[in-house]
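Coordinate-derived values only; no laboratory data. Only a predicted model underlies this, so the values are computations on that prediction, with no experimental measurement involved. Cβ atoms come from the backbone with ideal geometry, glycine included; neighbour counts cover every protein chain shown.
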Amino acid sequence: MKNSNLIYPFLIALAVMAGCAPAGKKQAEKSEASKKPNIIVIYMDDLGYGDVGAYGATELSTPNMDMLANGGVKFINGYATSATCTPSRYGLLTGTYPWRNKNAKILPGTAPLLIGTEQMTIPKMLKTAGYHTGIVGKWHLGLGTGIVNWNDRVSPGPNEVGFDYAYIMAATQDRVPTVYIDNGHVANLDKNDPIEIDYKNNFKGQPTGKDNPELCEMKWHHGHNNTIINGIPRIGYMKGGEAARWKDVDMADHFLEKAQAYVKAHKNEAFFLYYAMQQPHVPRTPHPRFVGSTNLGPRGDVIAEADWCIGEFIKALEEEGLMENTLIVFSSDNGPVLNDGYYDDALEKLGDHAPTGVLKGGKYSLYEAGTRVPFFTYWKGTIQPKVSDALVCQMDLMASLAKLVGVEEPDADSENMLDVFLGKTDKGRDDLVIEATSRTAYRNGDWAMIPPYKGKPVNTQVNIEVGNSNEYQLFNLKEDIGQEKNLAKTHPEKLEEMKIAFEAIRGDASEGVQKLELH
Ligand code: NG6
Ligand code: CA
């Protein structure tokens with residue numbers, strides 16, 4: 001008895017130690033990982049430099065975006081890589097110039113996956129540092145390998161390029177398929193009502209925006225005249241999948257719920273969330289409770305709606321006590337456009353609002369408003385509020401986050417700007433090549449250079465000056481932020497210096513689009 005009395009606690013202790021050892025180790029690993037900051041990228045779609053209160057908007061209010069911008073580092077020289085969506089998202093996630101990939105153009109909903117499954121991406125990189133990774137919202141980087149069966153698992157897609165969790169729309173709100181995809185599976189799909197998608201030919205007997213304007217609740221202006229879904233004519237033809245089709249007015253709430261659920265589910269581990277919101281891209285479909293919330297019509301109303309979503313999303317982070325351990329990066333994929341294919345009063349109700357702020361151009365443009373976008377970093381208690389004029393690009397997140405989480409910097413165009421993003425220095429990039437509809441231009445210091453490109457100077461469909469000219473254009477942005485005065489002729493030496501530096505990165509600019517094929 002005596003012996004066993006002594007031996008029993010000993011055995012129990014041994015058993016407990018043995019039993020707990022793996023759990024204890026796991027616990028330690030977990031708390032090690034959870035010390036790493038969470039990283040959230042909030043990415044808007046077509047939000048302009050002048051669309052945010054903190055960037056000077058007075059005709060609409062964006063209190064939640066402003067809270068982040070004014071409480072963090074507000075970049076006034078922050079750039080997307082491109083003036084359209086797909087290339088910008090490619091640049092953001094791969095840290096690589098999109099013009100290196102000849103297929104990085106605005107993609108149809110049926111395009112194959114643009115990012116190679118062997119390619120390094122931000123989420124893949126963060127996974128090596130122990131992060132859980134998620135995307136909620138707009139994808140628009142292609143899915144599958146060419147022929148997609150939407151009724152089966154759609155792959156490869158975000159899950160295959162680094163996202164543990166992916167709840168997405170495939171392309172854009174104005175393109176079919178108009179369904180959500182949950183880790184590769186169309187959400188709420190009724191197997192008895194399969195989805196068929198075609199971007200060339202209509203399915204027999206289906207009404208279209210072109211032939212049946214009487215069925216359209218939103219009128220198309222250019223493009224957007226194929227299958228009508230929820231009264232909105234879309235790009236592309238779609239049949240079936242009735243139960244799975246999204247309700248446009250609920251999209252913002254739906255993505256918000258998924259984003260909130262994601263952070264709640266992963267609050268105990270280090271996570272990366274790419275929250276890719278759809279506003280204010282067309283079709284602009286504010287939930288009824290936001291209709292009329294601004295005087296600017298649906299475009300203003302969806303910006304107000306997006307701002308509200310950001311506020312609610314932040315509340316969820318606060319509720320979970322995550323704000324002090326979370327780096328939030330906010331930006332937009334490209335500059336603004338008013339009429340992008342539907343009549344929705346964006347132009348008519350614009351009033352004094354200037355979506356581009358003081359910048360020239362807009363979406364699709366090589367002028368500044370195409371790629372210079374709202375861009376700010378926020379980290380409660382770590383980042384001190386400031387305005388930074390450092391030149392930074394979304395592409396730089398990859399190398400900077402590598403530094404932040406302590407993994408090797410991937411071999412890419414991405415430059416480590418961690419100290420700039422954290423507000424410790426204003427020493428940004430020296431230069432940057434920007435892209436717009438397969439054309440490129442160059443920014444270096446205060447100077448911007450646009451090589452000659454054929455084509456109309458103004459895209460008359462969207463009424464935006466896109467930057468085409470027979471001659472080189474050279475601007476000093478410090479003195480001429482609105483790019484009104486072409487200095488190419490009066491500053492030949494500067495022009496030559498810019499051409500040489502640009503071509504060193506880009507290749508021979510005079511070869512224009514053709515040169516793209518070489519990369
Ligand atoms: C264009 C569409 C435009 C928009 C854009 C993609 C037409 C005429 N225009 O082709 O409405 O969908 O593609 O926008 O179809 S982006 O922000 O995703 O790049
Ligand atoms: Ca966009």
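Measure off 7 Å from each Cα along the Cα-to-Cβ vector at residue 149 and residue 243, then give the distance between these two points in nanometres to one decimal.
Going by the 7 Å Cα→Cβ label model, 2.0 nm.
What are the residues whose amide H is under 5 Å from the amide H of residue 62, where those residues sit 5 or more places off or on another chain and H is modelled from the backbone?
53
What relative contact order, as a whole-number percentage, does the range 27-157 give when Cα pairs under 8 Å and 6 or more residues apart are counted? Spell out each step's value before the answer.
Details: 124 pairs, mean separation 22.4, N = 131.
Relative CO of the range 27-157 lands at 17 percent.
What is the calculated FRET efficiency for residue 456 to residue 343, with r their C-beta to C-beta distance and R₀ = 25 Å, to the nearest 0.05?
0.65
Sequence-distant or interchain residues sharing an amide H contact under 5 Å with residue 388, placed H: which?
Those qualifying (amide H under 5 Å, at least 5 residues apart or on another chain) are 74, 75, 76.
Aspartates and glutamates within cross-link reach of residue 456: Cα-Cα under 19 Å, excluding same-chain residues under 8 positions apart?
Result set, ordered by chain and number: 340, 368, 435, 465, 471, 484, 511.
Which FRET efficiency, nearest 0.05, do residue 479 and residue 500 yield, Cβ-Cβ r, R0 30 Å?
Efficiency for this residue pair is about 0.85.
Roughly how far apart, in whole Å, are the Cα centres of the range 196-267 and the range 432-450?
35
Residue 267: which aspartates and glutamates have alpha carbons under 12 Å from its alpha carbon, excluding same-chain residues fewer than 8 sequence positions away?
Candidates past the 8-residue exclusion: 318, 319, 320.
Rounded, prolate or oblate: which fits the range 207-364 when a ≥ b ≥ c are the square roots of the eigenvalues of the alpha-carbon gyration tensor, with rounded for a/c under 1.5 and prolate only if a/b beats b/c?
In terms of gyration-tensor shape, oblate.
Say a paramagnetic label sat at a point 7 Å from the Cα of residue 103, along Cα to Cβ; which residues of the range 120-158 have their backbone N under 16 Å from it?
120, 140-149, 155-158
Grab the Cα-Cα distance for residue 486 and residue 319, subtract it from 0.36 nm times how many residues apart they are, and report the gain in nm with one decimal.
Here the answer is 54.9 nm.
Okay, helix-only estimate at 222 nm for the chain: each DSSP H run of n ≥ 4 adds -39500 (n - 2.57), divide by all residues, round to 500 deg cm²/dmol; what do you get?
Helix contribution divided over all residues of the chain: -8000 deg cm²/dmol.
Too long at a 32 Å Cα-Cα cut-off: which of 74/247; 349/380; 36/74; 102/247; 127/499; 36/247?
Working: 74/247 34 Å; 349/380 37 Å; 36/74 23 Å; 102/247 34 Å; 127/499 39 Å; 36/247 37 Å.
Check vs 32 Å cut-off fails for 74/247; 349/380; 102/247; 127/499; 36/247.
Express the relative contact order of the chain as a whole percentage, based on alpha carbon pairs under 8 Å and six or more residues apart in sequence.
22
Find, among the trypsin sites (Lys or Arg not before Pro) in the range 194-276, those assigned to loop by DSSP (not H, G, I, E, B) with at most 15 other beta-carbon atoms within 10 angstrom.
Within the range 194-276, the qualifying trypsin sites (Lys or Arg not before Pro) (loop, at most 15 other Cβ atoms within 10 Å) are 200, 204, 210, 247.
Please turn the phi angles of the range 162-169 into ³J(HN,Hα) values with the Karplus equation 6.51 cos²θ - 1.76 cosθ + 1.60 (θ = phi - 60°), one per residue in order, whole Hz, x for glycine and proline.
Once θ is set to phi - 60°, the couplings for the range 162-169 become x, 8, 5, 10, 9, 10, 9, 9 Hz.
Would you please give the residues with an amide H less than 5 Å from that of residue 137, counting only those at least 5 places away or on a separate chain, with H modeled from the backbone geometry?
Here the answer is 167, 168, 169, 276, since their amide H atoms fall under 5 Å of that of residue 137.
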